[in-house]
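The values are calculated or read from the model by the stated rules, or taken from the named source; none is laboratory data. Predicted model only: the values in this text are computed from it and were never measured. Here the Cβ positions follow ideal geometry from the backbone for every residue, glycine too, while neighbour counts run over all protein chains shown. The area values use the complete protein model at the heavy-atom level, side chains included, leaving out ligands, DNA and RNA. Shrake-Rupley method; radii C 1.70, N 1.55, O 1.52, S 1.80 Å.
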Amino acid sequence: MKITTAGESHGKALIAVIEGLPSGLTLDMEEVDAYLALRQSGYGRGGRQKIERDRAEILSGVRNRVTLGSPVALAVYNHDYENWAQYMAPEGCDVSAKKLTKVRPGHADLSGVKKFDTSDARNVLERASARETAVRTAAGAICRQYLKAFGIEITGYVRSVLSVKDPAEYPFETIAACRLPELFMMDRSLQDEAVALIDRVRAEGDTCGGVVELRVKGLKSGFGSPMTYAEKLDARICGAMMSVQAVKGVEVGLGFGAAERRGSEVHDEIYAANGAYTRKTNRAGGIEGGMSNGEELVFRAAMKPIPTLMRGLHTVDIETGEDARAAAERSDVTAVLALEVILESVIASELAAVVSERLGGDHMREAVERYGRLPQ
Ligand code: EPS
């Protein structure tokens with residue numbers, strides 16, 4: 001299975017093509033749109049989200065809500081294009097009006113203008129923008145329906161916003177049922193603190209990031225492979241997570257914490273009970289030797305603060321060569337809840353690819369039968 005996306009932040013639409021979905025998967029597009037709405041929600045989002053009401057439209061690969069086995073193409077239209085057609089239209093437009101030359105530290109602007117030989121950072125930032133995650137979320141929401149056919153589910157929550165941190169551990173079901181609207185934190189008093197902190201950060205024209213935790217339940221052992229490095233499950237999923245805008249660190253299980261403990265406090269001892277193998281701990285985060293081991297997958301990702309600061313950081317205007325304040329018209333203060341939703345989808349997409357490589361299957365019935373025959 002392979003997913004490609006296209007589309008600029010203020011262009012007509014974002015597009016995704018999913019190749020390799022078997023036939024016979026009934027799609028629930030209301031659920032896909034619900035994930036898109038969730039991605040747009042969250043405390044700390046800015047003015048753009050008041051303009052967009054994201055919905056995914058299927059263009060091909062589906063008939064009467066059921067996949068055909070052909071590539072599934074889908075579009076998320078940018079409502080803001082109405083305001084931007086005069087500067088963005090592929091058919092012809094005024095490219096001088098929205099030129100961005102006060103390049104923003106932390107964004108793709110400066111390296112991008114050099115790499116793509118342009119004097120306008122807009123030619124780069126439009127694609128580098130995290131707006132692209134809307135269609136990745138939609139494609140991932142479809143992959144998630146594929147995974148659900150095998151009993152594989154994904155959830156997650158926000159562990160920290162800037163300095164407000166939740167050190168507790170929560171079971172999968174508690175996370176899925178109890179994460180709080182607004183920030184997807186689990187502890188109400190910590191979330192109230194985080195909301196107040198975001199208000200202070202906004203008042204200072206600044207931005208902030210945080211840490212999210214993702215869980216995958218129901219994946220049998222043996223997905224991913226130690227035989228070639230590119231097939232390792234942790235490498236694949238962590239690589240996919242790192243490809244999301246603003247993610248600067250990822251961990252599996254104890255992650256960096258494993259380096260601070262001895263082996264006896266890290267590895268999950270193996271027991272036999274009723275003819276099955278069990279563990280009393282899951283510090284490995286469900287992956288050993290680049291393969292799933294049948295336990296829950298546990299990932300964490302760190303998001304850096306959004307690079308468009310309303311107060312503007314010091315930079316250089318690449319047109320004049322003079323000192324300047326980086327460009328800012330509007331910005332999110334934080335999009336950490338959005339990151340959680342996006343990463344659920346991105347993990348679903350990569351895991352769907354891993355699962356479909358092992359199972360094959362032209363149609364869902366065949367794939368589900370094969371999954372059923374695998375050991376736990
Ligand atoms: C983004 C800049 C902002 C964000 C955008 C990502 O867009 P604009 O420049 O139009 O205000 O709102 O995110 C989205 C539009 C979205 O849907 O998540 C950036 O530069 O990365």
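Structure data summary
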{"read-out": "Total residues in region 118-152, condition acidic (Asp, Glu) and near the ligand (Cβ under 10 Å from one of its atoms)", "value": "2"}
{"read-out": "Region 295-310 - residue that is away from the ligand (no atom under 16 Å from the Cβ) and surrounded by fewer than 21 Cβ atoms within 10 Å (Cβ to Cβ) and, of those, nearest to LEU351 (Cα to Cα)", "value": "GLU296"}
{"read-out": "Members of region 314-347 found to be within 14 Å of the ligand (Cβ to nearest atom), open to solvent by 20 Å² or more (accessible area, probe 1.4 Å) and either modelled with pLDDT of 95 or more or polar (S, T, N, Q) (or both), listed by number", "value": "SER331"}
{"read-out": "Members of region 48-66 that are in a strand (DSSP E or B) and under 21 Å from the mean Cα position of the chain (by Cα)", "value": "ALA56, GLU57, ILE58"}
{"read-out": "Given (1) open to solvent by less than 60 Å² (accessible area, probe 1.4 Å); (2) farther than 17 Å from GLU340 by Cα; (3) not polar (S, T, N, Q), number of the condition TYR229 does not satisfy", "value": "(1)"}
{"read-out": "Matching residues, region 4-47, being assigned to a strand (DSSP E or B) and surrounded by fewer than 22 Cβ atoms within 10 Å (Cβ to Cβ)", "value": "THR4, THR5, ALA6, ALA13, ILE15, VAL17, GLU19, SER23, THR26"}
{"read-out": "Selected residue (only one of ALA128, ALA121, ALA73 is among the aliphatic types (A, V, I, L, M) and open to solvent by 30 Å² or more (accessible area, probe 1.4 Å))", "value": "ALA128"}
{"read-out": "Unmet requirement for TYR81, which otherwise passes all of (1) within 16 Å of the ligand (Cβ to nearest atom); (2) among the aromatic types (Phe, Trp, Tyr); (3) open to solvent by less than 30 Å² (accessible area, probe 1.4 Å)", "value": "(3)"}
{"read-out": "Selection status of ARG283, among the basic types (Lys, Arg), more than 20 Å from PRO226 (Cα to Cα) and open to solvent by 50 Å² or more (accessible area, probe 1.4 Å)", "value": "no"}
{"read-out": "Qualifying positions in region 97-117 - open to solvent by less than 30 Å² (accessible area, probe 1.4 Å), over 13 Å from HIS10 (Cβ atoms) and either within 12 Å of the ligand (Cβ to nearest atom) or free of Cβ contacts under 8 Å to residues at least 40 places away in the same chain (or both)", "value": "ARG104, ASP109, GLY112"}
{"read-out": "Some residue of region 220-238 being within 21 Å of the chain's Cα centre (by Cα), β-branched (Val, Ile, Thr) and in a loop (DSSP other than H, G, I, E, B)", "value": "no"}
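For every residue, the table says whether it meets (1) within 25 Å of the chain's Cα centre (by Cα); (2) not acidic (Asp, Glu).
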residue: ALA89; (1), (2): no, yes
residue: THR101; (1), (2): no, yes
residue: GLY106; (1), (2): yes, yes
residue: ASP117; (1), (2): no, no
residue: ARG122; (1), (2): yes, yes
residue: ARG136; (1), (2): yes, yes
residue: ARG144; (1), (2): yes, yes
